[in-house]
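The values are calculated or read from the model by the stated rules, or taken from the named source; none is laboratory data. Remember, it's a predicted structure, so these values are computed and weren't measured experimentally. Cβ placement follows ideal geometry from the backbone for every residue including glycine, while neighbour counts extend to all protein chains displayed. The area values use the complete protein model at the heavy-atom level, side chains included, leaving out ligands, DNA and RNA. Shrake-Rupley method; radii C 1.70, N 1.55, O 1.52, S 1.80 Å.
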Amino acid sequence: MKNTFLLSTLLITTLSIVGCQHYAKSTQTDAVSSTCHFNDVNFDTQFPAARLDKCEQTGKNRYKLTLQPENMPINDSPWYAFSVSGKFSHTIHIDMHVEGGSNRYHPKIRVDQESKQSNWQKIPFKRHGEVMTFDLDINQQPTLIAGQEIITNDDYDNWYTALKNNGQLDIITLGQSVNKRPIKAIIQRHNAKQWLVVLGRQHPPEITGALALFPFTETLLADTPQARHFRTQYNVLVIPNLNPDGVQLGNWRHNANGVDLNRDWKAFKQPETQAVHQYLTQLVKEGHSIAYAVDFHSTRKDIFYTMPHTYPIKNPMLTTLWLEQLDQQMPSFQVIQKPGNNPNKGVFKQYISDTYRVHAVTYEMGDNTNREKIKTIAHTAANTLMNTLLQTTEAP
Ligand SMILES: [Zn+2]
């Protein structure tokens, strides 16, 4: 996945604020980035997905950075992304504080600032109680630091373009986000009447889930005998980026209205969930059926949240059969399946099962799972899911 963020596009402003405060209001607009300039060091957040809420100089070459959530209450997922430069080459010490949560994402540096291919490396850090500390060697060139790899809305658009150049598919707009960004979907349909639905980025900082969605989708859309056969039986709908405002704003979890989209699949008060629900409703009205859904996230470990096989839905063993195949095909990967049923929470997985009476899975990758392993798991997961769905369809 290419990250097309270009440092040359950074807008270096002439603001000289020491300690700058984020907004706190009901609907976030896009003009929320803060910029912290000190005598020798600049922290900049004038780029998509950037986030750094407050900065203070606390000593010689020592800076306290504070992260704040977009609103409360919120799950603990403090996101940060900023670029830092110095008037001269020197080492600075960062103390990362979190208000309303605790540090989750280990610091990373983009090491190929000049090249288009993005390459991120871990920065050694220590924890002192709730504070995460690390050192940075900085110079006059901006250095990009973030909690995980940065994947922006533009990166998704570039991916759609690359996919379109590779094969026959459509990119459609299902609706608009709170701040009027398109909710885009990839559609691959032939004559089938049943649909596999793939969803991603309800929670913007959950990058390892996004890193899994790309190869998972590419495997479904690949020009392989299995995938071609699968697509004669199933249409594919992928909504990779349900929360483009949250992505742009560098939010911890919520959309621009301060709502967790993965708690809105019952009330449908947000335009992002409404857009998907309306599209699926229309498909069903036209005589199609929703056959399965996978929703990509990240958490502390690799885990699949599933519906219990005792739940009254079609093909009760389908998910178990899929995950058993995945486990067998990947001896180095231990599949953990956690069935659950929460009818009133407004979670996507539950919505799919209760509305369409079929299985859905929350596919969670660990925050620190090896990136190459994420790809291998996703590729094998897509192949084994296609295999399981075809076997289920073709069973007498
Ligand atoms: Zn999540």
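Name every residue in region 352-391 that is within 16 Å of the ligand (Cβ to nearest atom) and either without any contact (Cβ under 8 Å) to a residue 60 or more places away in the chain or among the hydroxyl-bearing types (Ser, Thr, Tyr) (or both), in order of residue number. I'd like the intermediate steps shown before the answer.
First, pick out the residues of region 352-391 that are within 16 Å of the ligand (Cβ to nearest atom): 352, 360-369, 374.
Scanning region 352-391 gives THR362, TYR363, THR369.
Under the condition of being away from the ligand (no atom under 16 Å from the Cβ) and in contact (Cβ under 8 Å) with a residue 60 or more places away in the chain, which residue from region 292-322 is farthest from ASN75 (Cα to Cα)? Result: ASN315. All of GLY100, GLY86 fail the test of being modelled with pLDDT under 95 and not polar (S, T, N, Q), apart from GLY100. Yes or no: THR320 polar (S, T, N, Q), in the same structural domain as ASP367 (by TED's automatic domain parsing) and modelled with pLDDT of 95 or more? The answer is yes for THR320. Taking the conditions (1) within 16 Å of the ligand (Cβ to nearest atom); (2) open to solvent by 20 Å² or more (accessible area, probe 1.4 Å) in turn, GLN278 satisfies each one other than (1).
From the set of residues in region 76-99 that are surrounded by fewer than 16 Cβ atoms within 10 Å (Cβ to Cβ) and assigned to a loop (DSSP other than H, G, I, E, B), which is nearest to the ligand (Cβ to nearest atom)?
Initial filter on region 76-99 (surrounded by fewer than 16 Cβ atoms within 10 Å (Cβ to Cβ)): 76, 87-91, 93, 99.
Filter once more, so that each one left must be assigned to a loop (DSSP other than H, G, I, E, B): 76, 87-89, 99.
Numbers: ASP76: 12, LYS87: 40, PHE88: 41, SER89: 39, GLU99: 21 Å.
By that ranking, first place goes to ASP76.
From the list ALA212, ALA192, ALA222, exactly one residue is within 16 Å of the ligand (Cβ to nearest atom) and closer than 19 Å to MET386 by Cα. Which is it? Lay out the reasoning, then the answer.
Numbers: ALA192 fails: within 16 Å of the ligand (Cβ to nearest atom); ALA222 fails: within 16 Å of the ligand (Cβ to nearest atom).
Exactly one residue qualifies, and that residue is ALA212.
Could you pull out the residue among PRO69, PRO73 that is within 16 Å of the ligand (Cβ to nearest atom), surrounded by 15 or more Cβ atoms within 10 Å (Cβ to Cβ) and not small (Gly, Ala, Ser)?
Values: PRO73 fails: surrounded by 15 or more Cβ atoms within 10 Å (Cβ to Cβ).
Sole residue among the options that is within 16 Å of the ligand (Cβ to nearest atom), surrounded by 15 or more Cβ atoms within 10 Å (Cβ to Cβ) and not small (Gly, Ala, Ser): PRO69.
Residues in region 114-137 that are over 24 Å from the mean Cα position of the chain (by Cα) and under 17 Å from ALA50 (Cβ atoms): 1 in all. Of all residues in region 180-199, those that are over 22 Å from THR392 (Cβ atoms) and hydrophobic (A, V, I, L, M, F, W, C) total 4.
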